[in-house]
Amino acid sequence: MRIKRISIGMFMLMSAINGALAQTKTWTFDDELCTYKGYYDNQKYTEKQLADTYNLFRTSHYVHDSGTFEELTARYDSAIHYVKDLQIVQTHYFQGLKKDVLQYLQETYALKKVQKNAKQDTKSLIMAVKEDTKARQYAEALHKGGDDLLEAYEQVIKMQMENNSTPEYLWHNYETTMKHADRLDRAFDYVLVYGWWNSANNLVHHINYDGTQMKQFQRLFIKTETLDCDEP
C-alpha cells in the first residue's frame, strides 16, 4: 500500500509539472535596442495574438499618397483591412489601441482623398474640416482663388519664415513665384500642402508612441529575459 501511495503521489506531481510546462511558452521580440524572450501563458494568449498585437504598435501604418486616386484608395483600403484583421489580445488597452489606429487611418484617408481631388472639387476642402480652424481658412482661400489665395500663400510663407534657418530663401522663392504667369497654380499647390494639409493633419486623431505600448506589451508575459542589446 505504501508503494502504491508513493506511485500515485509521484504521478500527480509529474502531471502538475507537465501541465505547467504545457501552459508556458516563449516568444521572442525586439524594441529599438534589445531582443527579448518572453514567457507567456498559452491558456491566455496564442502566438498569433501576440504577433498581431506586436505588429499593431510596431508598424508605422504610414501610407504614401503618390500615384492616382485609385492607387491611393487601394493602399488605404489594404492598410485598414490589415488592421481590422489583426487578432490581438483581448485586453482593454490593446483593444483601445486598435480602435485608435483605425481612427487615425480612416481620418487620414478621408483627408487624402479630398487633397488628391482638390483642384477638381475645391469645395470639398471646406467640407472636410471643422469651422473656426486654420484649415478651414485655407480651404476657403483655395476655393475662392484669386487675391484670397495669394494672400493665404503669403501668410503661409511668413509663418514658415518664423521657424526657418534661412527665411530669406523662402521669401526669395515667394517673390520669384509671384512674378510667374502661373502664380495662382503655384500658390494653390503650395497652400494646399503647407497650409491646408498641415493644418488639417493636426486635427487628425494621432497616436503618441511614447514607449507605453511596449510596456503594456511586456506586461502580457509572465517574465521576460533580455537576450541581446545594441549599444545606445
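Derivation of every value follows stated rules applied to the coordinates shown; laboratory data play no part. This is a predicted model, so every value here is computed, not measured. Cβ: placed from backbone, ideal geometry, glycine included. Neighbour counts: every protein chain shown.
What is the magnitude of the charge dipole of the chain about its Cα centre, with +1 placed on the Cβ of each Lys and Arg, -1 on the Cβ of each Asp and Glu, and no other charges, expressed in debye to the nearest 20? If you can, show how the numbers build up before the last one.
Working: 28 positive and 32 negative charges, 349 e Å.
Magnitude of the dipole: close to 1680 debye.
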Working out 0.36 nm times the residue gap between Ile207 and Thr46, then minus their Cα-Cα distance, what length gain in nm do you get to one decimal?
55.4 nm
Just add up the charged neighbours of Lys116: K/R +1, D/E -1, any other residue whose Cβ is under 11 Å from the Cβ of Lys116.
-1
Over segment 63-145, with a single point scatterer placed on each C-alpha, what log10 of the ratio I(q)/I(0) does the Debye formula yield at q = 0.19 1/Å?
-0.87
In range of the label at Glu154: residues from segment 177-205 whose backbone nitrogen is under 16 Å from the point 7 Å along Cα→Cβ:
177-180, 183-184, 187-188, 191
Exactly which trypsin sites (Lys or Arg not before Pro) in segment 21-88 are in a DSSP loop and have at most 16 other Cβ atoms within 10 Å?
Lys44
Full-stretch length increase - Trp171, Asp77 - with 0.36 nm per residue and alpha-carbon distance subtracted
29.9 nm
Can you pull a Stokes-Einstein diffusion coefficient for segment 51-98 at 37 °C (0.692 mPa s), Rh from Kirkwood over Cα pairs, as a whole number of µm²/s?
278
Positive minus negative residues near Val83 (Lys, Arg vs Asp, Glu; Cβ under 12 Å)
-1
For segment 130-202, diffusion coefficient by Stokes-Einstein and Kirkwood Rh (Cα), 25 °C, 0.890 mPa s, µm²/s:
199
Work out the length of the dipole vector of segment 124-232 about its Cα centre, built from +1 on the beta-carbon of each Lys and Arg and -1 on the beta-carbon of each Asp and Glu, and round it to the nearest 20 debye.
380
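Looking at the chain, do any whole DSSP H helices span at least 18 angstrom along their long axis by alpha carbon and average -0.5 or above on Kyte-Doolittle, and which?
2-23, 69-84, 146-161
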Its Cα gyration tensor gives segment 101-232 an equivalent ellipsoid whose semi-axes in whole Å, largest first, are 40, 21, 11
Would you mind counting up the charge near Lys98? Only other residues with Cβ under 10 Å from its Cβ, with Lys and Arg at +1 and Asp and Glu at -1.
0
Assuming 0.692 mPa s and 37 °C, estimate D for the chain with Stokes-Einstein, Rh taken as the Kirkwood radius over Cα pairs, in µm²/s.
148
Quick check on the exposure proxy: order Thr226, Thr24 from fewest to most C-beta atoms within 10 angstrom.
Thr226, Thr24
Starting with the highest mean, order 105-115, 174-184 by the number of other Cβ atoms within 10 Å, averaged over the residues of each peptide.
105-115, 174-184
